[in-house]
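Have a look at the structure below before the remarks.
Every number here is computed from the coordinates shown, using simple stated rules; none is lab data. Values in this document were obtained by computation on a predicted structure and should not be read as measured data. All Cβ positions, even for glycine, are placed from backbone atoms using ideal geometry, and neighbour counts span all protein chains on display.
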Amino acid sequence: MALATGRRRIVEVGTAYGYSTLWMALGQPEDGTIVTIDPDSERTALARGWWRQAGIPDARITVVSRPALDALDDDEPALEGPFDFAFIDALKHEYGAYVEALVPRLTDGALIVADNVLWSGRVADPDVHDENTDAIRCFNASVASDDRVDCVMLPLADGLTLLRKRER
C-alpha cells in the first residue's frame, strides 16, 4: 500500500484472490485505476466481491482474464499504459518477460515491484535447483544489471525487488 500511494495508473500481473490489488487500490487517490491480469476468472470474481465489500468502485479495477504474456503481447487495449506503478506476483519463470513487456508501458520514474524474489531463502542456497528457484535467480541477476532501471531488493517477507524506470 505504501509503495502504491499516490500512483494513479497501476498494472498488476497476477491477481489471484485480489489481496494485493485491494491494498494498492486503498493506497491510490480516488481517481486512480488498476488493470490486473489473471487467467483464473473464478478467483478474480471472488476478488471483485471483496473489492466491492471494501468500497472500491468496479470502474477503478479492470480485470484482464487472460495469461499475462498473451495479453501483453497482443496489445490488450486496457494494457496500453502509460502506468506509473507495476506489481508482479505471478509465474516466476515469466518474471523477466513481464518486465520486458511492462517497461515500455511505464512513465519515467515509475516503479515495478516484484514479489517473492527470495523464494523462502532458496535463492541463497546453492544446493537448491528447481524451475522457480532458478528462474528467480536469473530474474534477480538480470534486473540488477538492467540499465533501464534502478534496482534494489528489500529482504521483507519473501523479498521484494523495486525497480525504478530511469528517465530517458
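Kindly establish whether ALA90 is in a helix (DSSP H, G or I) and of a type in the set (A, V, I, L, M, F, W, C).
Taking the combined requirement at face value, the residue does not satisfy it.
Condition check ((1) farther than 19 Å from ALA110 by Cα; (2) hydrophobic (A, V, I, L, M, F, W, C)) across all residues:
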{"site": "GLY6", "(1), (2)": "no, no"}
{"site": "ARG9", "(1), (2)": "no, no"}
{"site": "GLY18", "(1), (2)": "yes, no"}
{"site": "LEU26", "(1), (2)": "no, yes"}
{"site": "ILE37", "(1), (2)": "no, yes"}
{"site": "ASP40", "(1), (2)": "yes, no"}
{"site": "THR62", "(1), (2)": "yes, no"}
{"site": "SER65", "(1), (2)": "yes, no"}
{"site": "GLU80", "(1), (2)": "no, no"}
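Under 7 Å by Cβ, and 6 or more places apart or on different chains, what pairs join a residue from region 110-132 that is more than 20 Å from ILE88 (Cβ to Cβ) with one that is buried (at least 16 other Cβ atoms within 10 Å of the Cβ) and not polar (S, T, N, Q)?
So the pair list comes out as VAL128/ARG122.
Considering only residues of region 119-152 that are among the aliphatic types (A, V, I, L, M) and under 18 Å from LEU102 (Cβ atoms), which is surrounded by the fewest Cβ atoms within 10 Å (Cβ to Cβ)?
VAL152
Name the single residue that is nearest to ARG168 (Cα to Cα) among those in region 93-127 being in contact with a Gly (Cβ under 9 Å, 6 or more places away or on another chain) and part of a loop (DSSP other than H, G, I, E, B).
VAL117
Name every residue in region 1-60 that is assigned to a helix (DSSP H, G or I) and of a type in the set (A, V, I, L, M, F, W, C), in order of residue number.
Result: LEU22, TRP23, MET24, ALA25, LEU26, ALA45, LEU46, ALA47, TRP50, TRP51, ALA59.
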